[in-house]
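The values are calculated or read from the model by the stated rules, or taken from the named source; none is laboratory data. Since we're looking at a predicted model, the values are computed, not measured. FYI the Cβ positions are ideal-geometry reconstructions off the backbone, even for glycines, and counts take in every protein chain you see. What goes into the accessible areas is simple: the full protein's heavy atoms, side chains included, and nothing from ligands, DNA or RNA. Shrake-Rupley method; radii C 1.70, N 1.55, O 1.52, S 1.80 Å.
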Amino acid sequence: FLQESVYGTDESFTDLGLRPQLLPRFTVRGGGRLFDAVPLTLRLGLGATRFQARSDVSGQLYEASPSLSLPISLGGSAELRPSVTRHLVSYTGLTRFNAGGPATDLRPASYAQNEGELELRFSLARVFHPEDGRYAALKHVFTPRLLFTGVEDVAQPYADSLLRARVAEQLVTLRFDNLLLGRPRSAGEAVTGAPASELLRVNLIQRYNLLLRPGARALEGPALDGPAET
């Protein structure tokens with residue numbers, strides 16, 4: 001979605017010739033806590049890919065996404081996670097396809113997106129001890145998650161405020177994450193000290209766009225200035 005946002009039009013999602021094809025993508029993500037006493041965490045994601053369209057714009061995409069999050073414990077396994085992310089997006093090597101003529105070289109383009117997210121989550125876990133088989137213990141972790149996300153396109157560089165009151169997209173996401181862990185059984189022992197390994201991960205995700213009118217592709221919400229896009 002982020003890759004299509006700059007050049008996306010109504011036709012881009014219905015005309016196969018205009019729909020970009022994203023080639024293999026390179027992504028690196030890392031992060032860590034900033035303070036020992038406060039769980040304020042900084043994460044950084046870096047990505048690069050090339051996109052091609054048979055009858056529209058092609059080029060390379062580069063993206064950096066610094067993010068700050070601060071988990072807040074609500075007691076037990078419940079947790080509230082507010083976070084803010086700045087997506088910095090740059091397009092280079094842009095060319096526009098011209099039917100019957102040479103391609104047109106376009107100037108590089110840079111944009112940014114502010115993303116604020118509020119997540120409520122809690123986890124339920126159950127451990128099973130099979131009498132026989134390869135694993136001495138199996139653990140199923142079930143994590144329901146409810147997320148509210150606001151996204152706004154802004155121009156680079158950093159002259160814009162980090163968060164503004166107006167957002168261009170509002171999403172609610174309902175997730176049910178399932179994780180199955182297994183601890184191997186050693187010969188002659190029912191339960192061992194071997195570390196558990198991940199056997200299966202299944203995430204069920206449903207998103208709802210709060211600004212999308214039922215039965216229509218047009219969005220409701222704040223008016224955008226001139227060429228501003230989402």
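Some values worked out for this structure:
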| quantity | calculated |
| --- | --- |
| Single unsatisfied condition, residue 144 versus (1) out of contact with any helix residue (DSSP H, G or I) (no Cβ under 9 Å at 6 or more places or on another chain); (2) farther than 28 Å from residue 197 by Cβ | (2) |
| Subset of the range 23-67 (residues that are at pLDDT 85 or above, acidic (Asp, Glu) and over 19 Å from residue 88 (Cα atoms)) | 36 |
| Test: residue in the range 169-186 that is more than 28 Å from residue 88 (Cβ to Cβ), of a type in the set (Asp, Glu), open to solvent by 60 Å² or more (accessible area, probe 1.4 Å) and at pLDDT 80 or above | no |
| Whichever residue in the range 88-108 is in a strand (DSSP E or B) and out of contact with any Gly (no Cβ under 9 Å at 6 or more places or on another chain) and, among such residues, is most open to solvent (accessible area, probe 1.4 Å) | 96 |
| Subset of the range 44-81 [charged (D, E, K, R), over 17 Å from residue 114 (Cα atoms) and open to solvent by less than 60 Å² (accessible area, probe 1.4 Å)] | 56, 79 |
| Single unsatisfied condition, residue 115 versus (1) under 24 Å from residue 204 (Cα atoms); (2) not in a strand (DSSP E or B) | (2) |
